[in-house]
Amino acid sequence: MTVTRESKTFMLNMGPQHPAMHGVIRLVLELEGEKVVDCDVQIGYLHRAFEKHAENEPWNNVIPWTDRLNYVSPLINNVGYCMAVEKLSGLQVPERGLYVRTIACEISRVTDHLTCLGASAMELGALSVFLYMIKAREWLYQLVDKLTGARITTSYTRVGGVKSDLPPGFEEELLKVFGQVRETLGEVDALLTKNRIFVDRMSGVGVLSQADALGYGITGPMLRSTGIPFDLRRAEPYLVYDRVDFEIPVGATGDNYDRYLVRMAEMEQSMRIVEQCFRQIPPGPHSLTERQMVDAGVMADLGKHGETGKIWGAQAETDPTLEGSGRGCRTAVAASAPRYNLPVKEEVYGSIEGLMRHFEIVMWGRGINPPAGETYVAVEGGNGELGFHIVSDGRDRPYRVRCRPPCFFNMSALRKLIVGGSVADIIPTFGSVNMIAGELDR
Amino acid sequence: MSGLRDALTKGFGDAVLSFEGEGRDQAALVKPEAARDVLRALKDSGFNMLVDLTAVDFSRYGQDLPPGVTATNPAPEGSRFRLTYRLMKLGATEGLVLGRLAVHCWIVDDRGPASVKDLWPNADWLEREIWDMFGVKFSDRPGIKRLLLYEEFVGHPLRKDYPINKRQPLIGPKDERPRERLTGADLRPRIVP
Amino acid sequence: MEELTTPGVLTSQLDAAVGWARKYSIFQYPFVTACCGMEYMATASSHYDMDRFGAGFPRFSPRQADVLFVVGTISHKMAPVLKRIYDQMTSPKWVVAFGVCTCTGGFYDDYSTVQGIDTIIPVDLYIPGCPPRPEAVLQGLMMLQEKIQKQGRTVAK
């Protein structure tokens, strides 16, 4: 009797809830032993109807939904969406607002890369790296909390500016934290960059060619790892990126190891950008020395009785959640467009006109009405070109909002990256692609 | 970028209906049957990246607007969906954007143009997403599958006539009747003379 | 065994001992889908350190876990997977709904989101918040421990 051995393939289902994959995605793999012969990538397990919700909410109310697109760098999403609406409405954000937005974006980019690298290192067994990275991210989150009032779901921007100015002492604290983050990155660098196990698993795995990267529409760190220095902050400068000096780190081969190096280098560049912004930013109201502070309740009472003379020029002492949105602060960071911006708190508390204007903007069915038309604005998100295509027909809510998620394009190339490799290679490749389900599936 | 305008309008004649905007915002409107050819020519002329492909359902555009606001629906007779191919010309060595172009095309009913997934491989997923969300079919992809939702799902949620909270659970309690959501027009204070 | 199951001094002591043992050796299964995962990471890591409560060890197999943390929005496409993972867990098991999406659906009142995971599987503890802050998660964990202690050997499910 002769035994013939035929080559047989078998199917393996990975996901949608797999411990070594930080994201909900299903890979149906066809394997021949260890080797991946074919793969079907199935997505949509976190589809949350962002685009449908955006059609049903007033313009400013869409901002909380944008937080949850790429929840690792929410501030960039906030900025991208608001920039699109501002382009449609022709609003110009004041200088200080632009700087504040840039600082916010770059903090988010650092947290994005920290999470991505930490999680993918953990999946390769380097748990201590994960703990170090999350520790550094925690310091940044606490500052984001201070700035926006929330750690992750920030909703910081408004159409025409940002919610509030930088809190007092923010610069010193942030620069101090950057020192600590740099120290952590140094530790991680020492642990990983020349680590034999890590390099063996990352280097030469998941190689992406330049032609494929362009064909799949890949942008961001993944495109830069192939050696194309494309960065929207440089190619189509927005905010104040044309006034700061930064480098665009690029890789050479487009493998996982290059993607790791690119992300590590980008964090340093982001911190450099923030430091330069602090040097250039126009002074804000917190640097004013003489301020007459009046309790917000007292101010409202005086306003109701018509005694506005007593509170003329005074600043309201507000709840911490409203800090930075008072007189002077708002005008420094938000466009002076009464049809689009909330009035400063002193006017709301102290005058009937201010109160009416406030309600005109926040009331359901009123709100802001950008003119009919459509526009597309792209910003450099954590994963690449994050675009918002907005169609308006002049009502108080968008007619359609299309988010161009960078992740979606990176993931559409995943099949190409993992076919031909072994099963174990899927984990580092998937980690370095940095899939964020909220953005991928929207 | 007037060179691009000339190349398109001269090279394709009637198939390019209009060309407007400039710089980053330039947009061409083409006939759906010619869309693939135009896109192929654009790819050959250096538009190496398909940045985005999306659709807009214009069926309710300009309806129920608040007083004082008018908007005319740009959709031609018999058309409801407009596809937008967003292209970019990326200089690979210096990493600069050499040009951006949006190619719009109005399609009749739900019959989309021919697929471009052989030109740009990422169009595969984008076309599947458009079928999933809008129910627009691409003429040479008859057996196209859903991308984000599940095959048991009936209807296409980003169409304007699909209620936002009409749920079709795979497991769990069935039939939650969609609740009427208040729109801005309902809550707008009305002055009765 | 007979007298152990009748109420008495010994059994109540045994209940307390079993509850104590269980509450301080929580093996959790993090079913992480969305944004809440970021806060889950923060809570599990060194800064907030879930391990202080004996819950530091995530088991990535439902068969080895006894608390299912459902972290993040569950879509209708995901719901059968969640149900299956719940079914694969062995008793005694507890479920924590982490974040408002798992509690009620949150502000995702739409065609694709499950309006609270309690429509699919039983839930022992709800931690609201979008996402909940790590402090809230730790409080929730302590409340879960209280619940486990009270249950003793009686397991409802």
Original post:
Quick one: with all protein chains in place, what share of the accessible area of the protein assembly as shown is carbon or sulfur, to the nearest percent (1.4 Å probe)?
Top reply: 54 percent
Subject >> Cα point-scatterer Debye curve for the stretch C:27-140, base-10 log of I(q)/I(0) at q = 0.12, 0.22 Å⁻¹ >> reply: -0.36, -1.24
Subject >> Gyration tensor verdict on the stretch A:16-158 (Cα atoms; rounded if a/c is under 1.5, prolate if a/b is larger than b/c, oblate otherwise) >> reply: oblate
Subject >> Per residue Cα convex hull volume in Å³ - calculated over the protein assembly as shown >> reply: 220 Å³
**OP:** In whole Hz, with x marking every Gly and Pro, tabulate ³J(HN,Hα) for the stretch A:234-246 from phi via Karplus 6.51 cos²θ - 1.76 cosθ + 1.60, θ = phi - 60°.
**Re:** 9, 6, 9, x, 10, 6, 10, 5, 7, 9, 10, 9, 8
**OP:** Using a 1.4 Å probe and ignoring any ligands, DNA or RNA, find the accessible area of A:R415 and quote it in Å² to the nearest 10.
**Re:** 110 Å²
Subject >> Cross-link reach list, aspartates and glutamates versus A:K416, counting only Cα pairs under 12 Å and skipping chain neighbours closer than eight places >> reply: A:D38, A:D40, A:D212
Subject >> Percent of alpha-carbon pairs separated by more than 12 Å within the stretch C:103-150 >> reply: 68 percent
**OP:** Leaving ligands, DNA and RNA out of it, work out the accessible area of B:F12 with a 1.4 Å probe and give it in Å² to the nearest 10.
**Re:** 60 Å²
Original post:
Rounded to the nearest 500 deg cm²/dmol, what is the calculated helix-only ellipticity per residue at 222 nm for chain A, with -39500 (n - 2.57) per DSSP H run of length n ≥ 4?
Top reply: -14000 deg cm²/dmol
**OP:** May I ask you to list the lysines whose Cα is less than 26 Å away from that of B:K160, ignoring any residue fewer than eight positions away on the same chain?
**Re:** A:K52, A:K87, B:K31, B:K137, B:K145, B:K174, C:K77
Subject >> Whole-number percent relative contact order across chain A, with pairs defined as alpha carbons under 8 Å at least 6 apart >> reply: 25 percent
**OP:** Return the ratio Rg/(2.2 N^0.38 Å) for chain A, where Rg is computed over Cα atoms only.
**Re:** 1.09
**OP:** Please identify every one of the GluC sites (Glu not before Pro) in the stretch B:33-122 that sits in a loop by DSSP and has no more than 10 other beta carbons within 10 Å of its own beta carbon.
**Re:** B:E77
Subject >> Computed accessible area, C:H76, all protein chains, 1.4 angstrom probe, square angstrom >> reply: 10 Å²
**OP:** State the percent of C-alpha pairs, over all pairs in chain B, separated by a distance greater than 30 angstrom.
**Re:** 33 percent
Original post:
Under the Kirkwood approximation applied to all pairs of distinct alpha-carbon atoms, what is the hydrodynamic radius of the stretch A:360-442 in Å?
Top reply: 15.3 Å
Subject >> For the stretch C:5-157: relative contact order, % (alpha-carbon pairs under 8 angstrom, 6 or more apart) >> reply: 27 percent
Subject >> Selection from A:T193, A:L175, A:G206, by position along the positive dipole direction of the stretch A:143-207 (Cβ) >> reply: A:G206
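The values are calculated or read from the model by the stated rules, or taken from the named source; none is laboratory data. All figures in this text were calculated on a predicted structure; none of them were measured in a lab. Note: ideal-geometry Cβ built from the backbone for every residue, glycine included; neighbour counts use all protein chains shown. Heads up: the accessible areas ignore ligands, DNA and RNA and are worked out on the full protein's heavy atoms, side chains in. Shrake-Rupley method; radii C 1.70, N 1.55, O 1.52, S 1.80 Å.
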